[in-house]
Amino acid sequence: MEQGKTIDQLDIGEKASLTKQITESDVLLFAEVTGDKNPIHLDPEYARQSRFKERIAHGMLTASLISAVLGNRLPGPGNIYVSQSLEFKAPVKLGDVITAEVEVIEKIPERNRVRLRTVCRNQDGTVVLEG
């Protein structure tokens, strides 16, 4: 069974990322799985009346890309995601290409934990989420 890195194998400043285009299908499936059927995500007419003028992806769909980096790349399989604070900085539109990046910023050996900086950027480099 594949295992991710232990705290001893992680270095301050170490980074990993994942890039994904957010599709119509992603938004529809996320709405179905979570039950979050807010019309800003699903109804083009409703969204046109909003400040965004078009549909946007669920913020937590974007945040879930961070979870994918943690579970698959850094620290990797077997890690436990204990907590996170999130700040949504800009909307993610359907078709945006999002890069989720995780960086080790602190090691806490006595608790066998690390603190990570997380950021998601769109294809233009705009920060859409920080944590």
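The values are calculated or read from the model by the stated rules, or taken from the named source; none is laboratory data. All values reported here derive from a predicted model rather than from experimental measurement. Here Cβ is always computed from backbone atoms with ideal geometry, including for glycine, and neighbour counts include all displayed protein chains. SASA here: full protein model, heavy atoms, side chains in, ligands and nucleic acids out. Shrake-Rupley method; radii C 1.70, N 1.55, O 1.52, S 1.80 Å.
Within the range 1-66, which helices (runs of 4 or more DSSP H) (wholly inside it) include 2 or more residues that are farther than 16 Å from residue 94 by Cα?
On the way: elements: 24-34, 39-42, 44-48.
Filter on the range 1-66 gives 24-34.
A Cβ distance below 6 Å, combined with a sequence gap of six or more or placement on separate chains, defines the contacts here; from the range 115-131, residues that are touching a residue at least 40 places away in the same chain (Cβ under 8 Å) reach residues that are open to solvent by 50 Å² or more (accessible area, probe 1.4 Å) and among the small types (Gly, Ala, Ser) in the pairs 131/85.
For the range 82-105, residues that are among the charged types (D, E, K, R), buried (at least 19 other Cβ atoms within 10 Å of the Cβ) and within 22 Å of residue 10 (Cβ to Cβ) total 1. Number of residues in the range 41-55 that are touching a residue at least 12 places away in the same chain (Cβ under 8 Å) and open to solvent by 20 Å² or more (accessible area, probe 1.4 Å) equals 5. Answer with yes or no whether residue 104 is within 13 Å of the chain's Cα centre (by Cα), of a type outside the set (Asp, Glu) and closer than 17 Å to residue 18 by Cβ. No: the conditions fail for residue 104. Does any residue of the range 110-127 turn out to be more than 17 Å from the chain's Cα centre (by Cα), among the basic types (Lys, Arg) and either exposed (fewer than 14 other Cβ atoms within 10 Å of the Cβ) or outside any helix (DSSP H, G or I) (or both)? Yes, that holds for at least one residue.
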